[in-house]
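Everything on this sheet refers to the single structure shown next.
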Amino acid sequence: MRHAFPGGTPALDFPGTLRFRHRADPREDLDSPASLGAWFREAGITVDDVPAGPDDLREALALREAGYRLVRAAVAGETYDRDALALVNEYARKPTPVPQLTPAGRQVEATVEQALAYVARDVVLTLSGPDVPLLKVCGNPECSQIFVDRSRGARREWCAMDPCGNKIKAAAYRARKRASGVLTAGRAGSRSAQSVSRTSRGPASPFASGR
Ligand SMILES: [Zn+2]
């Protein structure tokens with residue numbers, strides 16, 4: 001798998017192919033027509049890679065950005081951008097991939113346009129369905145991935161532990177360590193007593209707390 005699917009549905013994972021949008025240098029996962037063709041297969045929309053050319057990729061990226069604007073507006077409780085709405089609805093009206101049963105299993109006939117229609121319909125269904133209150137932006141400030149939080153108590157903070165959750169927890173651990181170091185240095189008289197009590201607590205783990 002070359003692509004990641006932490007969002008929970010294609011409407012969220014397709015915009016997620018431009019990763020770390022909040023960084024000065026976002027990462028483009030759809031960097032070639034072939035990577036777009038592979039995305040449809042890995043997303044489960046088709047069985048095989050969809051043949052794609054440079055024009056298909058251009059169209060796909062335009063639809064992706066329109067979808068992202070709508071999803072982000074839904075999370076923020078803002079009004080939908082009209083051009084984005086028009087483009088997503090235009091694709092949602094087109095025919096979607098056709099699944100067929102064969103002796104060898106499921107075959108899916110699909111062009112890029114049909115596969116994009118599938119994604120556009122998923123945007124329509126997701127943003128008009130029961131998951132809207134469960135949509136969240138990843139807690140890693142650099143990460144722009146939006147996901148459906150179906151965890152119990154809706155306490156999920158990250159699109160994925162690797163890298164986002166691990167990165168934030170490690171940073172929090174370093175901050176705690178720095179803070180405790182400052183505290184220890186400030187109490188020169190009681191330093192030895194404190195180091196004994198700290199040792200007796202056992203080794204600190206970056207993943208033991210901070211949830
Ligand atoms: Zn993330």
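Each value in this text was obtained by applying a stated rule to the coordinates, not by laboratory testing. Fair warning: this is a prediction, and the values are worked out from it, not measured in the lab. Cβ sites come from the backbone with ideal geometry, for glycine too, and all protein chains shown count toward neighbours.
Number of Lys-Lys pairs in the chain under 26 Å by Cα, sequence gap 8 or more or different chains?
The result is 4.
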**Request:** Under 4.7 Å Cβ to Cβ, no partner at all: give me those cysteines from the chain, in residue order.
**Result:** CYS164
**Complete:** Going from the fewest other Cβ atoms within 10 Å to the most, one would list TYR173, TYR118 as TYR173, TYR118
**Message:** What is the angle, in °, between the Cα long axis of helix 166-186 and the longest principal axis of the Cα atoms in the chain? Nearest 10 is fine, range 0 to 90.
**Reply:** 20 degrees
**Request:** Compute the separation of the alpha-carbon centres of the range 1-48 and the range 120-157 and state it in Å as a whole number.
**Result:** 16 Å
**Fill in**
Low-density loop trypsin sites (Lys or Arg not before Pro), the range 82-161, at most 16 other Cβ within 10 Å, DSSP non-H/G/I/E/B, are ARG93, ARG150, ARG155
**Fill in**
Helix 54-76 sits off the longest principal axis of the Cα atoms of the chain, rounded to the nearest 10 on a 0 to 90 degree scale, by 50 degrees
**Item:** Size of the range 1-41 as Cα extents on the principal axes (Å, biggest first)
**Value:** 30, 24, 15
**Simple label model, 7 Å out from Cα along Cβ direction - GLU28 to ARG155, nm** = 4.1 nm
**Request:** Run the numbers on the range 10-154 and let me know its relative contact order in percent, using alpha-carbon pairs under 8 Å that are six or more apart.
**Result:** 29 percent
**Asked** Rounded to two decimals, what ratio of Rg to Rh does the chain give with C-alpha atoms and a Kirkwood Rh?
**Response** 1.15
**Asked** Which residue, VAL137, VAL108, VAL148, tops the fluctuation ranking in a GNM of the chain built on C-alpha contacts under 10 Å?
**Response** VAL108
